[in-house]
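Remarks on the structure that follows.
The values are calculated or read from the model by the stated rules, or taken from the named source; none is laboratory data. Just so it is clear, the structure is predicted and the values come from calculations on it, not from any experiment. Heads up, the Cβs are rebuilt from the backbone with ideal geometry, glycines too, and the neighbour counts pull from every protein chain shown. Areas reflect the complete protein model, heavy atoms only, side chains present, ligands, DNA and RNA absent. Shrake-Rupley method; radii C 1.70, N 1.55, O 1.52, S 1.80 Å.
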Amino acid sequence: MAASLPVGIITWLWGQYSRAEAYQTDQGITFNLTFLEYQALWKKDQLEKLIYWHKHNRLVSAMKHRDRGFVLSWRSKADRKAGVMDKTTARILTREKSRQRFYLQPGETHSEDAKKRIGDAQRGRKRSAEHKAAISRARKGTKQSQEHIDARVAATKATKQRKLGLVLTP
């Protein structure tokens, strides 16, 4: 199928390949995928969709769609964890399918490192009055466990002592 692709599609695929390579290597992933191998990852129906979008001048807008755009992704979470992207570990998926496969699934939890990064990113962030009200409405009527209450009280005390310049000793 690759031989019969319009020049515009080949050029567009090259741009996508180059961006994917730069992104993955920036993420610390070993990228062992040639352009021909990348082209071979595309299924016939996916390429036909690209050709249709290209023919109707909708390729760029269709690919930016938050769910239906195609992305270079992984075959499995184990492949992702191994950190080597090649023709055996990569595949082309829609953004929606990639999210479904690789976001946390029921029963999974964030790693301690991920929790720290999320907390660091949120800490000190100012929220609008509307945002605070929405959070308040969402939490109204939710019972907290005694363990959660104790942890919240301890965290508040630690924050106050830290702001006063006192050092906590366990």
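Pairs meeting the criteria (first residue in region 3-16 and over 16 Å from residue 36 (Cβ atoms), second residue assigned to a helix (DSSP H, G or I) and open to solvent by 30 Å² or more (accessible area, probe 1.4 Å), beta carbons under 6 Å, at least 6 apart or on different chains) are 8/54. Residues in region 130-166 that are of a type outside the set (D, E, K, R), assigned to a helix (DSSP H, G or I) and open to solvent by 100 Å² or more (accessible area, probe 1.4 Å): 146 alone. Can you find even one residue in region 74-89 that is touching a helix residue (DSSP H, G or I) at 6+ places or on another chain (Cβ under 7 Å) and in contact (Cβ under 8 Å) with a residue 40 or more places away in the chain? Taking every residue of region 74-89 in turn, at least one turns out to be touching a helix residue (DSSP H, G or I) at 6+ places or on another chain (Cβ under 7 Å) and in contact (Cβ under 8 Å) with a residue 40 or more places away in the chain.
Among residues of region 109-126 being outside any helix (DSSP H, G or I) and open to solvent by less than 80 Å² (accessible area, probe 1.4 Å), the one that is farthest from residue 41 (Cα to Cα) is 124.
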